[in-house]
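Take a look at the structure below.
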Number of protein chains: 2
Amino acid sequence: MPPPPTASVARQLSRRNVFEALLHRSPISRAELAKVTGLSKQTTSEVIDAFDQQGLVRPVGRTSGNVGRTAVLYELSPEGGHVLGIDLGARLTVALADIAGRVLAEADEPTDSRGGAWALEQIARLAGRLAREHHTHPSRMRSIVLAAPGVVNPKSGAIEMAPNISGLGLLNVVALLGEKLGSPVVIENDINLALLGEIWHGCAQNLANVAFLALGTGVGLGLYVDGRLVRGENGAAGEIGYLPIGGDPLQAESRLQGCLEYQVGATGIMRRYREAGGSEVDSVREVFERAQAGDPLAAGVVEETARLTALAAATVIATVDPQLIVLGGSVGARPDFADKVARVLLRLAPRPVEIRSSTLGKRAGVVGALSVALRRLHDELFGVAELAATLPLPPPRTR
Amino acid sequence: MPPPPTASVARQLSRRNVFEALLHRSPISRAELAKVTGLSKQTTSEVIDAFDQQGLVRPVGRTSGNVGRTAVLYELSPEGGHVLGIDLGARLTVALADIAGRVLAEADEPTDSRGGAWALEQIARLAGRLAREHHTHPSRMRSIVLAAPGVVNPKSGAIEMAPNISGLGLLNVVALLGEKLGSPVVIENDINLALLGEIWHGCAQNLANVAFLALGTGVGLGLYVDGRLVRGENGAAGEIGYLPIGGDPLQAESRLQGCLEYQVGATGIMRRYREAGGSEVDSVREVFERAQAGDPLAAGVVEETARLTALAAATVIATVDPQLIVLGGSVGARPDFADKVARVLLRLAPRPVEIRSSTLGKRAGVVGALSVALRRLHDELFGVAELAATLPLPPPRTR
DNA sequence: GTTATTTATTCGGGCCCCTGACGAATCAAT
DNA sequence: ATTGATTCGTCAGGGGCCCGAATAAATAAC
């Protein structure tokens with residue numbers, strides 16, 4: 001079941017090649033694998049035998065109809081390894097996938113409002129349930145990724161500013177959850193993972209330069225540039241609540257909770273509606289509904305929100321040059337909203353950049369978590385650590 | 001001289017390891033190399049022999065003083081390969097380095113004002129002179145990088161918007177220059193290269209998250225995030241002239257040349273001084289000098305410039321979370337200016353980020369070009385192409 | 001039934017890495 | 001000056017891995 005303790009680099013590379021072919025051309029014969037990977041038939045065969053013994057692969061039928069001997073077809077076995085994706089927000093969503101990236105199950109429920117340790121307990125419970133349903137065990141999951149709000153320190157993996165869920169920043173989530181579930185846990189910012197979700201299974205598939213603008217309770221940004229997620233020195237890349245847009249950035253409120261956040265965050269939108277003379281509302285959703293129903297005050301607030309969002313988008317475009325901006329979050333994902341933003345943006349940006357609404361919606365976070373968990377598992381099994389890095393340049397010398 | 005036509009992956013890795021050790025611990029014996037690389041003495045010795053035969057390496061004396069047999073020390077030979085860095089701006093700067101990154105020579109002169117093909121001719125002439133002085137030949141240079149203003153398309157390598165140097169966008173610079181010099185040429189945006197220069201030899205050494213804010217004729221940004229240069233889909237990342245800062249972004253001037261650029265570009269600064277009632281000036285430098293001499297109007301303009309620059313910096317901080325911002329360009333590199341910007345920024349950003357003035361100044365571009373040329377040469381000789389990429393995830397399946 | 005074709009395994013050769021042993025060169029001490 | 005300890009570099013043997021060729025097995029077409 002575990003990979004062979006030591007494997008030479010050459011063999012590891014062969015294994016990696018074969019695995020990649022299996023991943024993308026699923027039912028495939030040994031002969032075909034040899035052709036696709038460029039390896040010799042024997043090497044391929046040896047690798048497949050090893051995979052078979054590890055339970056990583058299983059035969060599924062034979063070819064037929066073609067001239068010549070029939071070939072046994074193989075595919076990655078669902079028992080070869082599982083990964084778990086978790087999205088911890090207002091709701092708790094957990095999803096289970098196998099090593100081939102097939103999503104086996106998904107479940108969600110409201111997050112335990114007591115937060116902190118209770119939420120972790122809840123995660124363990126939900127994960128255990130999914131695992132049992134699929135005849136595995138949490139401890140047999142090879143890779144777990146947790147989507148959490150707040151800034152995740154890229155070095156320590158600690159959650160440094162967790163709004164919404166109380167007491168999360170004080171816990172060593174990686175250690176606690178890892179112990180509960182018996183597998184390595186990695187935490188990543190929820191918006192970043194939603195972005196990766198859209199890139200894997202959503203509206204940004206196969207793109208290398210995508211920005212994800214999330215408007216919900218707060219405002220946030222995920223950046224995927226040149227095929228990689230952008231985290232920044234403190235994992236705070238994309239914390240655009242502090243962008244100097246929509247007001248005087250030196251004002252007290254701006255400095256406290258961020259200039260843009262003060263205007264475009266959920267409370268900001270409701271406050272603007274109230275200030276405009278609108279009657280009391282207790283959710284942003286209501287403001288949008290009234291706007292659609294013909295309330296001119298609400299429409300003005302929505303329009304201004306779209307304008308500010310477009311300014312944020314223009315800022316992102318000028319800074320990192322994405323080819324697509326995805327709007328997400330409970331506010332941003334509204335389909336009519338994307339159009340409004342796009343219309344303003346047309347007059348702001350030097351060149352047009354496409355804007356789309358998130359297609360995965362609430363699922364984006366878990367899907368992204370799964371994608372990272374999967375990638376980590378693949379890297380663990382078939383990565384070639386020593387080679388990933390480019391050759392470091394020599395330091396300057398005084399000669 | 002050329003590397004062996006075919007080498008197995010294993011040997012290529014060994015070569016790479018040994019080369020890296022040679023690069024960083026220069027005069028070093030075979031025995032020491034074996035220890036450092038973790039390879040056996042045998043393998044190390046074979047690799048060194050091969051390097052020696054290729055002329056990549058040369059003996060330089062022996063150890064002495066230690067107990068035991070003396071060891072022959074080796075270092076990378078300057079004849080092992082050369083790289084060329086070129087910065088094509090108002091002045092043309094060319095620098096030559098060897099494969100170990102030792103800068104052998106540097107020369108600069110005003111760029112041929114006729115632009116286009118004449119400038120390319122001038123580059124060839126200057127490169128030829130440097131090469132001759134160091135007993136080599138342009139055609140023996142293994143890697144050439146050209147720093148050019150404008151947006152460089154990351155796929156084609158074409159210069160898409162070249163201000164200042166006339167007719168450059170119309171030429172296929174890579175092909176023309178490559179033919180003239182007989183070596184592969186790569187073009188990269190000058191600001192990006194200045195940033196890489198500061199990271200290699202300047203004020204940002206060994207940092208992984210750096211932004212370079214260039215204020216000169218125009219305004220531009222270079223981004224180095226998580227250890228990699230950020231280019232964006234069209235190579236237009238960092239084109240922050242269009243940031244919606246410093247005015248109404250929907251105004252005619254803003255839409256034409258960019259909102260921020262209109263205020264902070266050289267002509268913008270002079271215009272603002274004029275509009276404030278200042279007497280005629282014909283360079284930004286003059287405005288700064290008058291400010292220092294006590295002209296309150298000029299001081300106001302400088303202060304406002306610093307404020308807008310700080311807003312741009314705050315934008316960058318909120319977006320990509322750098323640990324350092326380097327100010328460069330003829331205006332930005334002024335040491336007093338960085339202080340002014342830092343002071344404003346302190347009140348804008350949620351957490352303090354260091355600001356420094358460029359230490360390489362005008363040389364930053366060439367140095368950065370050298371660093372990229374060097375990296376490309378190293379990758380060409382010792383890269384392991386098949387391993388660079390991470391395993392792609394499988395696409396979603398409909399099952 | 002025979003033939004052509006495709007699949008899968010076996011065998012020998014070559015590359016490359018590692019370990020252990022050996023001669024060579026040097027310093028330190030007698 | 002000789003001896004011993006230490007380090008350097010090379011030689012030889014063993015094992016892992018990859019490849020190409022040959023061979024056996026299975027199947028469609030004729």
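Residue count for the stretch A:104-118 satisfying the condition of being surrounded by fewer than 17 Cβ atoms within 10 Å (Cβ to Cβ) and assigned to a helix (DSSP H, G or I): 2.
All of B:Leu84, B:Leu76, B:Leu33, B:Leu22 fail the test of being within 30 Å of B:Val173 (Cβ to Cβ) and of a type outside the set (Gly, Ala, Ser), apart from B:Leu84.
Within the stretch A:294-328, the set of residues being part of a helix (DSSP H, G or I) and farther than 29 Å from B:Gly222 by Cβ comprises A:Pro296, A:Leu297, A:Ala298, A:Ala299, A:Gly300, A:Val301, A:Val302, A:Glu303, A:Glu304, A:Thr305, A:Ala306, A:Arg307. Please work out which residue is nearest to DNA strand C (Cβ to nearest atom), limiting yourself to the stretch B:34-71 and to residues that are touching a residue at least 40 places away in the same chain (Cβ under 8 Å) and in a helix (DSSP H, G or I). So, considering only residues that are touching a residue at least 40 places away in the same chain (Cβ under 8 Å) and in a helix (DSSP H, G or I), the one nearest to DNA strand C (Cβ to nearest atom) is B:Ala50. Scanning the stretch A:23-49 for residues that are of a type in the set (Val, Ile, Thr), within 11 Å of DNA strand D (Cβ to nearest atom) and away from every other protein chain (no Cβ under 14 Å) yields A:Thr44, A:Val47.
When the stretch B:69-80 is examined, which residues are found to be out of contact with any helix residue (DSSP H, G or I) (no Cβ under 6 Å at 6 or more places or on another chain) and more than 16 Å from DNA strand D (Cβ to nearest atom)? Hits for the stretch B:69-80 are B:Ser77, B:Pro78, B:Glu79, B:Gly80.
One line per residue, one yes/no per condition, for (1) farther than 22 Å from B:Gly220 by Cβ; (2) surrounded by fewer than 15 Cβ atoms within 10 Å (Cβ to Cβ); (3) basic (Lys, Arg); (4) touching a His at 6+ places or on another chain (Cβ under 6 Å):
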site: B:Leu92; (1), (2), (3), (4): no, no, no, no
site: B:Gly101; (1), (2), (3), (4): yes, no, no, no
site: B:Leu120; (1), (2), (3), (4): yes, no, no, no
site: B:Glu133; (1), (2), (3), (4): yes, yes, no, no
site: B:Ser139; (1), (2), (3), (4): yes, yes, no, no
site: B:Ala148; (1), (2), (3), (4): no, no, no, no
site: B:Pro154; (1), (2), (3), (4): no, no, no, no
site: B:Val173; (1), (2), (3), (4): no, no, no, no
site: B:Gly178; (1), (2), (3), (4): yes, no, no, no
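Restricted to the stretch B:57-68, and to residues there that are more than 9 Å from DNA strand D (Cβ to nearest atom) and either modelled with pLDDT under 90 or buried (at least 17 other Cβ atoms within 10 Å of the Cβ) (or both), the residue that is nearest to B:Gly329 (Cα to Cα) is B:Val57. In summary, helices (runs of 4 or more DSSP H) completely within the stretch B:229-287 and bearing 2 or more residues that are in contact with a Leu (Cβ under 7 Å, 6 or more places away or on another chain), buried (at least 24 other Cβ atoms within 10 Å of the Cβ) and within 14 Å of chain A (Cβ to nearest Cβ) occur at B:259-264. Does A:Ala95 qualify as being touching a residue at least 12 places away in the same chain (Cβ under 8 Å) and more than 15 Å from A:Glu79 (Cβ to Cβ)? Taking the combined requirement at face value, the residue satisfies it. Would you confirm, using the coordinates I've provided, whether A:Gly101 is part of a loop (DSSP other than H, G, I, E, B), in contact (Cβ under 8 Å) with a residue 60 or more places away in the chain and either closer than 23 Å to A:Ala148 by Cβ or of a type in the set (Gly, Ala, Ser) (or both)? So A:Gly101 passes the test.
For the stretch A:182-204, a residue qualifies if it is within 9 Å of chain B (Cβ to nearest Cβ) and touching a Pro at 6+ places or on another chain (Cβ under 7 Å), and exactly one does: A:His201.
The values are calculated or read from the model by the stated rules, or taken from the named source; none is laboratory data. Treat the numbers as computed from the prediction; the structure is a model and nothing was measured. Quick reminder, even Gly has a Cβ in these numbers, built from the backbone with ideal geometry, and neighbours come from all protein chains shown.
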